[in-house]
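Right, one structure below, let's go through it.
The values are calculated or read from the model by the stated rules, or taken from the named source; none is laboratory data. These numbers come from a predicted model, not from an experiment. So basically every Cβ, Gly included, is an ideal-geometry build from the backbone, and we count neighbours across all protein chains shown. Quick note on the areas: whole protein, heavy atoms, side chains included, nothing else; ligands and nucleic acids left out. Shrake-Rupley method; radii C 1.70, N 1.55, O 1.52, S 1.80 Å.
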Amino acid sequence: MRLAINWFKYSAPSTFYGLAGKLIPFFAWPAAILFAVGLYIGFFVAPTDAVQSEAYRIMFIHVPASILSMFIYLIMAGYAALGLIFKTRLSSMMASALAPTGALFAFISLWTGALWGKPMWGAWWVWDARLTSELILLFLYLGFIALQASIEDPRRADRASALLAIVGSVNVPIIYYSVQWWNTLHQGSTIKFSGTSMHVAMQQSMFTILVACWLYVIAISLARVRSIILERESNTQWVKELAEAK
Amino acid sequence: MNKLSLFGLLGLVIRRDLLLAMRRRADVLTTLIFFVMVVSLFPLGVGPEPDMLRKMAAGVLWVAALLASMLSLPRMFSADYLDGTLEQMMLAPQSLTMMVLGKIIAHWMLSGLPLVLIAPVLGLQFDMSVQALWVLMLALLLGTPVLSMIGAIGAALTLGLRGGGVLVSLLVLPLCIPVLIFGAGAVEAVNSGMDAISNLSLLGAFLLFALVFTPFVAAQALRISME
Amino acid sequence: MMNWSEFFAMNGYGFYVWGSYGVALLVFIVEILMVRHRRVLALRQLRLLNESGDAQ
């Protein structure tokens with residue numbers, strides 16, 4: 001039995017299509033379960049906070065969403081770079097499959113940040129360094145999606161948006177630190193929540209929801225990449241013979 | 001066949017672009033007039049109190065400079081793209097990166113440099129101190145080339161797309177935010193009595209960083225768009 | 001905190017907490033529906049292609 005798995009077997013869209021189809025439930029259901037567990041810990045086990053009583057529970061969705069929006073952008077740039085350098089179509093498809101999910105997580109992070117900011121800082125929108133960087137990250141996502149949408153030829157669309165994603169990812173740290181500098185100059189450091197010792201249940205809840213979000217992202221991007229494969233490979237033979245295409 | 005050195009090529013491309021632009025002088029002025037108009041709108045919107053204006057002068061001038069340079073970006077490659085010279089340039093045995101650098105410098109001389117020269121005059125509208133005006137000019141001198149360079153990548157990526165103008169701004173503006181922050185920050189530092197050397201040196205760092213990478217990346221973007 | 005009315009009130013912050021989680025949940029549901037919809041469209045397109053293919 002040949003032990004070495006030929007990883008490249010799955011880098012072809014045709015074989016990956018079937019594999020992704022089988023994998024989705026293995027990511028989707030654990031994501032739902034972990035979400036429920038995380039929320040349960042967050043709302044029933046974690047104690048009321050001395051400073052903010054209940055408002056801090058928004059943190060359990062806000063922090064994972066922010067972390068994910070940043071990482072998805074870097075992973076998207078990575079796939080895009082792979083697709084650009086090795087000309088592997090599947091990598092570029094994965095990049096365009098991840099972009100909408102990343103943008104939505106950036107939106108969730110901004111939305112929950114604003115709703116958390118209202119009770120904590122008294123204003124819907126505060127030019128806090130993290131929130132501002134998150135807003136710029138959302139613009140980078142929208143730029144990527146807009147560029148890809150405005151080019152008809154999929155090949156050029158992939159390669160052009162890949163270059164933009166790479167340039168964007170180089171700029172993310174520069175933007176973050178310049179916003180950090182800009183914020184401390186104008187407003188002084190805002191309340192650092194992570195400074196205070198977080199109750200263990202809070203950490204458990206946040207970590208569980210973070211893992212749940214990761215599984216969700218994998219499931220949803222696999223599902224979206226399958227549709228992209230169908231759209232782009234529609235004239236290939238293997239797609240024609242697909243059961244669901246009859 | 002005389003061997004054209006790299007810098008010879010650079011000079012050739014810059015001269016060519018400037019010559020072409022001078023034939024249609026209106027385009028050069030549109031950027032400048034747009035900048036002056038946008039800056040002059042703010043006092044009308046915000047009110048004439050000098051201390052208010054002085055406080056926001058740097059930000060207004062820098063945002064207007066950013067928008068003005070976005071305005072002329074699509075024209076950087078589109079003329080050559082339409083009449084096919086861009087294709088010839090890419091087929092030529094010369095280095096495309098140098099040609100792109102030449103086009104960036106030519107674009108900057110047409111859209112960035114005028115802004116730098118006229119900014120102090122507009123600064124007076126905002127009752128800025130002479131010292132602040134000097135730092136503003138220096139900051140713009142360092143910052144506007146970076147806007148042209150990053151803009152070149154956007155212009156190359158959106159070559160020949162309909163609605164390219166707006167798309168370029170959407171792609172490029174987020175990447176220019178650090179330049180905006182430290183550019184406006186330099187003037188503000190002077191206003192609040194600190195020296196602006198740290199901001200200006202950072203702007204210089206951005207300039208060198210962009211000078212090294214953007215021509216190559218823009219050349220790659222052109223290859224992608226022209227396939 | 002076992003009775004539900006207190007739970008939903010969230011000690012006065014209910015609007016913010018459930019506003020956040022509600023919108024987050026909504027975004028997930030909408031995204032799932034959009035991906036499903038995209039798949040339906042792709043498959044419908046394929047069937048059209050196949051039919052026109054068989055017809056020739």
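Observations on the structure shown:
- Residue within segment A:95-118 that is open to solvent by 20 Å² or more (accessible area, probe 1.4 Å), more than 21 Å from the chain's Cα centre (by Cα) and at negative phi present: yes
- Scanning segment B:76-96 for residues that are buried (at least 19 other Cβ atoms within 10 Å of the Cβ), in contact (Cβ under 8 Å) with a residue 60 or more places away in the chain and either under 16 Å from B:Gln125 (Cα atoms) or under 20 Å from the mean Cα position of the chain (by Cα) (or both) yields B:Met76, B:Phe77.
- Residue match in segment A:59-69 (condition: at pLDDT 90 or above, open to solvent by 60 Å² or more (accessible area, probe 1.4 Å) and within 26 Å of A:Ala146 (Cβ to Cβ)): yes
- Residue pairs whose Cβ atoms lie under 9 Å apart, sitting 6 or more positions apart in sequence or on different chains, and linking a residue in segment B:214-226 that is more than 9 Å from chain A (Cβ to nearest Cβ) to a partner that is open to solvent by 10 Å² or more (accessible area, probe 1.4 Å) and polar (S, T, N, Q), are B:Pro215/B:Thr97; B:Phe216/B:Thr97; B:Ala218/B:Thr97; B:Ala219/B:Ser95; B:Ala219/B:Thr97.
- If you filter segment B:146-201 down to residues that are on the phi < 0 side of the Ramachandran plot and not in a helix (DSSP H, G or I), you find that the one that is surrounded by the most Cβ atoms within 10 Å (Cβ to Cβ) is B:Thr158.
- Of all residues making up segment B:111-134, the number that are open to solvent by less than 30 Å² (accessible area, probe 1.4 Å) and either polar (S, T, N, Q) or in contact with a Leu (Cβ under 9 Å, 6 or more places away or on another chain) (or both): 12
- Of the residues A:Ile191, A:Ile218, the single one that is surrounded by 13 or more Cβ atoms within 10 Å (Cβ to Cβ) and either modelled with pLDDT of 85 or more or more than 9 Å from chain C (Cβ to nearest Cβ) (or both) is A:Ile218.
- One residue stands out in segment B:1-50 among those that are among the polar types (S, T, N, Q) and closer than 19 Å to B:Leu110 by Cα: the one that is most open to solvent (accessible area, probe 1.4 Å), namely B:Thr30.
- For segment A:221-240, residues that are assigned to a loop (DSSP other than H, G, I, E, B) and within 7 Å of another protein chain (Cβ to nearest Cβ) total 1.
- Enumeration of residues in segment A:68-87 that are within 14 Å of chain C (Cβ to nearest Cβ) and aliphatic (A, V, I, L, M): A:Leu68, A:Ile72
- Cβ-Cβ contacts under 7 Å between residues 6 or more apart (or on different chains), taken from a first residue in segment A:111-135 that is within 12 Å of chain C (Cβ to nearest Cβ) and among the charged types (D, E, K, R) to a second residue that is open to solvent by less than 50 Å² (accessible area, probe 1.4 Å) and part of a helix (DSSP H, G or I), are listed as A:Lys118/C:Tyr16.
- Residue count, segment B:91-149 (criterion: closer than 21 Å to B:Ala210 by Cα and either in contact with a strand residue (DSSP E or B) (Cβ under 6 Å, 6 or more places away or on another chain) or among the charged types (D, E, K, R) (or both)): 1
- Residues of segment A:136-155 satisfying the condition of being within 8 Å of chain B (Cβ to nearest Cβ) and either open to solvent by less than 30 Å² (accessible area, probe 1.4 Å) or under 11 Å from B:Pro174 (Cβ atoms) (or both): A:Ile136, A:Phe139, A:Leu140, A:Leu142, A:Gly143, A:Ala146, A:Leu147, A:Ser150, A:Ile151
- Test: residue in segment C:41-56 that is loosely packed, with under 14 Cβ neighbours inside 10 Å and closer than 30 Å to A:Tyr56 by Cβ: no
- All conditions but one from (1) of a type in the set (Ser, Thr, Tyr); (2) at the interface with chain A (Cβ under 8 Å from one of its Cβ atoms); (3) open to solvent by 70 Å² or more (accessible area, probe 1.4 Å) apply to C:Tyr13; the one that does not is (3).
- Neighbours by Cβ (under 8 Å, 6+ apart or cross-chain): first from segment C:27-53, at the interface with chain A (Cβ under 7 Å from one of its Cβ atoms); second in a helix (DSSP H, G or I) and polar (S, T, N, Q): C:Glu31/A:Thr101; C:Val35/A:Ser227; C:Arg38/A:Ser227; C:Arg39/A:Ser227; C:Ala42/A:Ser227
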